[in-house]
């Protein structure tokens, strides 16, 4: 059965007009005038609203007699990185010191303008900007470990001192000299079937895991830096490697268990709510009232809702498993379509957890 969100054709039609990629793999549009069905992000000319119908699965479109679009290829897996992006990201990891240019892209047989558009659409910045950001992150790490500015500049691959200073200041809002000896948090993103996520961790614990589209993400990062009296540099740390592997297992339906060490920045009450959230089994949902009863404070439903919304560790602390008292989906910072997807995924792949919970 479709949720209220997916029955809202006005919302879906506007997403179709905007070519919203966030619905890819979760919603399909059937066009009566052509007899084909597409992803909502399809670049083809848009028909009028009266000529389209929306379905949650490609199978439903096929059952209605619609053919898959040859432009957007809706039968291919959604959420898979573009081969060009995967290739260039791998090259960036293999040779982080290289100073990339459009000439390098052309030598690989790639059109720089195509690469620029792909990276802007999928990651939010161009590949060359990303490469510069990575190099600046290496220099920031060197500064935090005690290197002088010129050594950190050279380690980051910058020939120009002014260019290095500008890159660091744009990235962190602080000149290089103020970063010497500072403890740094590392940040990196990872692709998932429901969109890119940003992970931030120190050497020992994961501090943040959020979807890129979350409107409050910038404010959350600023609060985290203030709380930790630290700053964030792009790079890897053991907790980020671990959560990436655990998320991969989760999305494959192999395991819903997370063992990555977490740093939880909340009041004792908030952490109590988060503990209760982690005890809700996959495939099971609770209302705010049930959650309040679970922590022994049945009248604190509003406070429970605020604590739920303050969660900065998406999926790991499963705030998506809280729904309205009437069974409807309620607000979710990652978007209601993601909440629906996660709940459907868990019921499909972790029925043992669901059955165990219902038997208790």
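Throughout, read-outs are computed from the coordinates displayed, never taken from laboratory work. Here the structure is a predicted model, which is why all the values come from computation and not from measurement. Ideal geometry is used to build each Cβ from the backbone, glycine not excepted, and the neighbour counts take in all protein chains shown.
If you stretched the chain out fully between residue 271 and residue 98, how much longer would it get, using 0.36 nm times the residue separation minus the C-alpha to C-alpha distance? Please list the in-between numbers first.
Values: separation 173, 0.36 × 173 = 62.28 nm, distance 4.35 nm.
That works out to 57.9 nm of additional length.
Which value in nm describes the separation of the simple spin-label points at residue 57 and residue 219, placed 7 Å from the Cα toward the beta carbon?
Label-label distance for residue 57 and residue 219, simple model: 3.9 nm.
Within segment 266-292, name every residue whose backbone N is under 14 Å away from a label modeled 7 Å from Cα of residue 347 along the Cβ vector.
Inside the label zone: 282-286.
Calculate, in nm to one decimal, what residue 325 and residue 106 gain on full extension: separation in residues at 0.36 nm each, minus their alpha carbon distance.
Answer, rounded to one decimal: 73.2 nm.
Could you estimate the translational diffusion coefficient of segment 246-359 from the Stokes-Einstein equation, with Rh from the Kirkwood formula over C-alpha pairs, at 4 °C and 1.567 mPa s, in whole µm²/s?
Working: Rh = 14.4 Å.
D = 90 µm²/s.
Relative contact order for segment 4-68 using alpha-carbon pairs under 8 Å, separation at least 6, rounded to a whole percent? Don't skip to the end; give the middle numbers.
Values: 88 pairs, mean separation 22.1, N = 65.
It rounds to 34 percent for segment 4-68.
For residue 259 and residue 10, FRET efficiency with R0 = 45 Å and r from the beta-carbon atoms, rounded to 0.05?
Numbers: r = 43 Å, r/R0 = 0.95.
Taking R0 as 45 Å, the efficiency between residue 10 and residue 259 is 0.60.
Which value, in Å to one decimal place, does the Kirkwood hydrodynamic radius take for segment 4-68 when every pair of different Cα atoms is included? All intermediate terms of the calculation are to be shown ahead of the outcome.
Details: mean 1/r = 0.0872 Å⁻¹.
Here the Kirkwood hydrodynamic radius works out to 11.5 Å.
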